[in-house]
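**Q** Got a structure here, written out as structure tokens. Questions coming.
The values are calculated or read from the model by the stated rules, or taken from the named source; none is laboratory data. Keep in mind that what you see is a predicted model, and the values were worked out from it rather than measured. We place every Cβ from the backbone using ideal geometry, glycine too, and count neighbours over all the protein chains shown. The accessibility values were calculated without ligands, DNA or RNA, using every heavy atom of the protein model including side chains. Shrake-Rupley method; radii C 1.70, N 1.55, O 1.52, S 1.80 Å.
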Amino acid sequence: MRYRNILLLSAALLGFVTSHAAAHFQMVEMGPANRAPGRPAEMLLLFTHPFSGGPSMDMGKPEEFYMVQARGDEPSQTADLKQYLSPVDWHDAHHGSKATAWRASVPGKLMRSLGDYTVVLQPAPYLETEEDIYIQQFTKMMFNVGGVPGKWAEPVKLPAEILPLNKPYANWTGGVFRGVVMSNGQPVPFAEIESNM
């Protein structure tokens, strides 16, 4: 069996994946991408088919779930969010499916500083039986606190990630997202990209 890493960068309603066959993606959903300082956040971690609005599939507890805050010349601050996770039964009304998902109630004290934040989700690899390979997805979700721009273009040094070339949380419906696909810190020329829009 082969092993492949794929990634998802989601910001507000936007996501991209370096994959040509998978239709189900790991997602992090949260309220507004522009937030007030110190406001708590409810995040939903869901394994689903975003193109069709479901169905959703069971998701195991993430291997890694953390948040990076970076602004100006200050060193990045990382907060482990796994302690805030709790499993939930997710009911997919469109498709009538039920699945285990995860909810994170992140306290506002972790989001008091102004600037950009990147939430990183790394679930365990899963077997994609149709392709006979294991796939591991890396999901990044970005948001801003207080309207002060930060280091939204900085890598978080994942094995695979997309570095945005324009603010991902300022991209609205009909806008154009630009980014560079990276693998082990190096650009991947001519990478195939799928949008989950």
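**Q** In segment 151-197, how many are in a strand (DSSP E or B) and under 17 Å from the mean Cα position of the chain (by Cα)?
**A** The total comes to 12.
**Q** Write out, first by first residue and then by second, each pair whose Cβ atoms fall under 8 Å of each other, whose residues are 6+ apart or on separate chains, and whose first residue, in segment 169-186, is under 25 Å from residue 148 (Cβ atoms) while the second is polar (S, T, N, Q) and open to solvent by 50 Å² or more (accessible area, probe 1.4 Å).
**A** 169/34
**Q** Follow-up. Just need a number here: residues in segment 126-150 that are not β-branched (Val, Ile, Thr) and not in a loop (DSSP other than H, G, I, E, B).
**A** Start the filter on segment 126-150 by keeping residues that are not β-branched (Val, Ile, Thr), which leaves 126-128, 130-132, 134, 136-138, 140-144, 146-147, 149-150.
Then drop every residue that is not not in a loop (DSSP other than H, G, I, E, B), which leaves 126-128, 134, 136-138, 140-144.
Number satisfying all stated conditions: 12.
**Q** If I ask for residues that are part of a strand (DSSP E or B), surrounded by fewer than 18 Cβ atoms within 10 Å (Cβ to Cβ) and at pLDDT below 90, which ones from segment 93-125 would you list?
**A** 97, 98, 100
**Q** Output yes when any residue across segment 128-142 is out of contact with any Leu (no Cβ under 8 Å at 6 or more places or on another chain), open to solvent by 40 Å² or more (accessible area, probe 1.4 Å) and either among the basic types (Lys, Arg) or closer than 26 Å to residue 77 by Cβ (or both), and no when none is.
**A** No, segment 128-142 contains no residue that is out of contact with any Leu (no Cβ under 8 Å at 6 or more places or on another chain), open to solvent by 40 Å² or more (accessible area, probe 1.4 Å) and either among the basic types (Lys, Arg) or closer than 26 Å to residue 77 by Cβ (or both).
**Q** What are the residue pairs meeting all of these: first residue in segment 120-145, first residue free of Cβ contacts under 8 Å to residues at least 40 places away in the same chain, second residue open to solvent by less than 10 Å² (accessible area, probe 1.4 Å), Cβ atoms under 8 Å, and 6 or more apart or on different chains?
**A** Qualifying pairs under 8 Å: 126/135.
**Q** May I ask you to say which residue of 82, 157, 109 is charged (D, E, K, R) and touching a residue at least 60 places away in the same chain (Cβ under 8 Å)? Steps first, answer last, please.
**A** Details: 82 fails: touching a residue at least 60 places away in the same chain (Cβ under 8 Å); 157 fails: touching a residue at least 60 places away in the same chain (Cβ under 8 Å).
Unique residue meeting the criteria: 109.
**Q** I need the full set of residues from segment 118-155 which are over 20 Å from residue 177 (Cα atoms) and of a type in the set (Gly, Ala, Ser), in order please.
**A** Once the filter is applied, which keeps residues that are over 20 Å from residue 177 (Cα atoms) and of a type in the set (Gly, Ala, Ser), segment 118-155 yields 124, 146.
**Q** From 69, 77, grab the single residue that is within 24 Å of residue 36 (Cβ to Cβ), in contact with a Gly (Cβ under 7 Å, 6 or more places away or on another chain) and surrounded by 13 or more Cβ atoms within 10 Å (Cβ to Cβ). Talk me through it step by step, then tell me what you get.
**A** Values: 77 fails: in contact with a Gly (Cβ under 7 Å, 6 or more places away or on another chain).
Being within 24 Å of residue 36 (Cβ to Cβ), in contact with a Gly (Cβ under 7 Å, 6 or more places away or on another chain) and surrounded by 13 or more Cβ atoms within 10 Å (Cβ to Cβ) holds for just one of 69, 77, which is 69.
**Q** Residues of segment 143-153 being closer than 14 Å to residue 67 by Cβ and open to solvent by 50 Å² or more (accessible area, probe 1.4 Å), which ones? I'd like the intermediate steps shown before the answer.
**A** Residues of segment 143-153 closer than 14 Å to residue 67 by Cβ: 143-145, 150-152.
Matches in segment 143-153: 151 only.
**Q** Step by step: first the residues of segment 154-185, then only those that are of a type in the set (Ser, Thr, Tyr) and under 18 Å from residue 32 (Cβ atoms), then the one that is least open to solvent (accessible area, probe 1.4 Å). Which residue is that? First the steps, then the outcome.
**A** Of segment 154-185, the ones of a type in the set (Ser, Thr, Tyr) are 169, 173, 183.
From the residues that got through so far, the ones that are under 18 Å from residue 32 (Cβ atoms) too are 169, 173.
Values: 169: 12, 173: 119 Å².
Checking each candidate, the answer is 169.
**Q** When the residues of segment 85-137 are narrowed to those that are more than 14 Å from the chain's Cα centre (by Cα) and among the aromatic types (Phe, Trp, Tyr), which ends up farthest from residue 35 (Cα to Cα)?
**A** This residue is 134.
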